[in-house]
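The next block holds one structure in the form of structure tokens; read it before the comments.
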Amino acid sequence: MKKDFLSLKDFTPEELLDIIKYALILKQERANGTAHNFLKNKKVALIFEKPSTRTRVSFEVGVYELGGYPLFLNSNDIQLGRGESIGDTAKILSRYVDMIMIRTFEHEKIVEMASQASVPVINGLTDKFHPCQVMADVMTLYEKAKKIKGLNIAFIGDINNVAMSWLYAAGKLGMNISIASPEGYNCNASVLEDAKKMADVSGGVIQITKDPFQAVKGADVVYTDVWVSMGMEEESAKRREVFRNYQVNKDLMDAAGKKTYFMHCLPVHIDEEVTKEVYESENSIVFDQAENRLHVQKAIMALLIKY
């Protein structure tokens, strides 16, 4: 029976850890020049309704390095952009390819595609979740901190798709996460409830606050993202005003009271959500995160193709 990668909620802690551990193996083997053919003679459709640098390049290179053929498709290349249903697109592509990755807007769209496709479907990003990014983030922290369980994560700013996936990651893997966001920018209630239930089992702690300085106390990592996500451009002026006290700067990093890593999923807007000083500091590990997208996505594809 095929398995999809839509949300971290759908995987056990053991399965998530297996992906991370396998990604580390693939990373080392890539450095050693070891080739893999997990996707030999396999075709992977890469659908982009939202443009991307890291997602496109990491998936295309990843498919190629696993011996497969990546097929890039944007909304102008397929009938999905001209009104063909998600279900029909999923059924047709399933006759041609062996796996589908889609980067889109509404999460419901990818859920529908997975339900109608007979091949594995991977969430490259939706407005609700960004699971591949957060898996790369957790892998990066494991490399740096040599552990996952018990790490203290502070997420500062908009409770967006990355933050929502971080809630599931923390809940599943026993990390402690504190999210600081302004009044009126609240977390999805069902995601928060689910994450807290997961944390009750794993021993993690989930906290939501309006105070960024409270959120970063004792943090092992301070994470932020852009204030204006793709598709929200008309809210730019309002959001820059609302979030201006949530900038990650030296004062906020110092408030952690310890050596603290800085993370950002990129692209970055310097001197908006983070200062140049923090972004370029020795504790910034943003490019390690970006690189690890390649390795963790290769692990995800290699494991899904085995189901």
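The values are calculated or read from the model by the stated rules, or taken from the named source; none is laboratory data. Here the structure is a predicted model, which is why all the values come from computation and not from measurement. Reconstructed Cβ throughout: ideal geometry from the backbone, glycine too, with neighbour counts over all protein chains shown.
Miscellaneous remarks
- Output for region 110-142, where each listed residue is outside the structural domain of residue 87 (by TED's automatic domain parsing), farther than 30 Å from residue 236 by Cα and touching a Lys or Arg at 6+ places or on another chain (Cβ under 9 Å): 139, 141, 142
- Qualifying residue in region 236-244 (condition: outside the structural domain of residue 68 (by TED's automatic domain parsing) and closer than 25 Å to residue 176 by Cβ): yes
- Residue within region 297-307 that is out of contact with any Leu (no Cβ under 6 Å at 6 or more places or on another chain), at positive phi and touching a residue at least 12 places away in the same chain (Cβ under 8 Å) present: no
- Just one of the listed residues (238, 250) is of a type outside the set (Gly, Ala, Ser) and farther than 25 Å from residue 188 by Cα, and it is 250.
- Criterion (of a type in the set (D, E, K, R), surrounded by fewer than 18 Cβ atoms within 10 Å (Cβ to Cβ) and either within 21 Å of residue 228 (Cα to Cα) or at pLDDT below 95 (or both)) met by exactly one of 288, 271, 251: 271
- Matching residues, region 27-48, being in a loop (DSSP other than H, G, I, E, B) and either within 15 Å of the chain's Cα centre (by Cα) or without any contact (Cβ under 8 Å) to a residue 60 or more places away in the chain (or both): 32, 33, 34, 35, 37, 40, 41
- Evaluated against (1) outside the structural domain of residue 124 (by TED's automatic domain parsing); (2) at pLDDT below 95, residue 50 falls short on exactly one condition, (1).
- Where a residue in region 5-26 is within 18 Å of residue 145 (Cα to Cα) and its partner, wherever it lies, is part of a helix (DSSP H, G or I) and of a type in the set (Val, Ile, Thr), with Cβ under 8 Å and at least six apart: 16/138; 19/296; 19/300; 20/138; 20/296; 23/296
- Set side by side, the residues 229, 190, 181, 165 differ, and just one is touching a helix residue (DSSP H, G or I) at 6+ places or on another chain (Cβ under 6 Å), assigned by TED's automatic domain parsing to the domain that holds residue 260 and of a type in the set (Ser, Thr, Tyr), which is 165.
- Top-ranked residue in region 157-172 [being among the aliphatic types (A, V, I, L, M) and in contact with a Leu (Cβ under 7 Å, 6 or more places away or on another chain); ranked as surrounded by the fewest Cβ atoms within 10 Å (Cβ to Cβ)]: 169
- Pairing each residue of region 100-118 that is part of a loop (DSSP other than H, G, I, E, B) with any residue that is of a type in the set (Lys, Arg), provided the two are 6+ apart or on different chains, yields C-beta distances under 7 Å for 104/50; 105/50; 118/2.
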